[in-house]
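The numbers here are math on the coordinates, done by the rules we state, and not lab data. This one's a predicted model, so the numbers in the text were calculated from it and none came from an experiment.
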Amino acid sequence: MATSHSQERFAGFRSASDCPRLQPDPYALKKLDEKIESFMSDVTSLQFSEDFVGTVTDRFVEAFRRLDAIARDDPFWDGTNRRPTQYKLASFCEIALRVNPMDCEALGLKVAVSTVFGTFAPEPWERLATACRVDPTWIVNSALYAECYGSYDTVPDLVSLLSRMGLCSHVLPQLKEMIAGVQDRPGSRILARKCSASWANRVLEGCGHV
């Protein structure tokens, strides 16, 4: 899936609110563009598929549009300045899932927001894989990105999820490719070279395939 440059995503954003003081601040929109730009730059070194990157970034944008569409007199905004920002996205996703915890669309928004922010969300990913069609390698991608750029250990949560859902064998080729291919990509960033192979080895070991 081809993705548009991040500068085109929020630069011309049109708020659902007619009141300027309740619309997203231009600075907040700039930070959203920077967040997506950073994500897209980082994942280049990890060689994720265009389909994964495009879907995640598109859903991230859609999540913000839906956040902005919430009426400003809705209780969601109580205690805030009633202006949409990236920091309100997680709360919006959680509230959207309260109505139906297995809603595929809401779950897709939730995991996309978490992924772009460098956080692996095993529970929403598991629900998404249970209720909807999802490529198991996308779950691995999200966990790897959080490990390499969110800077925390995602292996235990990922292995637990893959084992519970019987997905270890489905992602085995992807993990082995990470290990075998890392030396064939001398142009990759040092962080990615150090991270991908050792991480994949630990996941394989946890799944019992080493």
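Tabulated values for the structure
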quantity	calculated
Gain in span if fully extended, Glu50 to Ser163, counting 0.36 nm per residue against the direct Cα distance	38.0 nm
Set of lysines with alpha-carbon distance to Lys176 below 22 Å, sequence-local pairs under 8 removed	Lys194
Reachable lysines, given that their alpha-carbon falls under 25 Å from the alpha-carbon of Lys110 and they are not under 8 places away in the same chain	Lys30, Lys31, Lys35, Lys88
Nearest-ten-degree value, helix 122-131 long axis tilted from longest Cα axis of the chain	90
Helix 89-99 axis, angle to the chain major axis (alpha carbon atoms, nearest 10°)	90
Max mean-square fluctuation residue, GNM over the chain, Cα-Cα springs under 10 Å, options Phe92, Phe117, Phe13	Phe13
Gaussian network model of the chain, Cα within-10 Å springs - most flexible of Leu67, Leu128, Leu167	Leu167
Over the chain: helical MRE at 222 nm, DSSP H runs n ≥ 4 each giving -39500 (n - 2.57), nearest 500	-20000 deg cm²/dmol
Highest-MSF residue in the chain out of Ala131, Ala90, Ala180 [GNM, Cα springs under 10 Å]	Ala180
Rounded, prolate or oblate (a/c below 1.5 giving rounded, otherwise prolate when a/b exceeds b/c) for the range 1-117 by Cα gyration tensor	oblate
Computed over the chain, Cα set: Rg, Dmax in Å	18.1, 59
Rounded to 10°, Cα long-axis angle of helix 168-181 versus longest principal axis of the chain	80
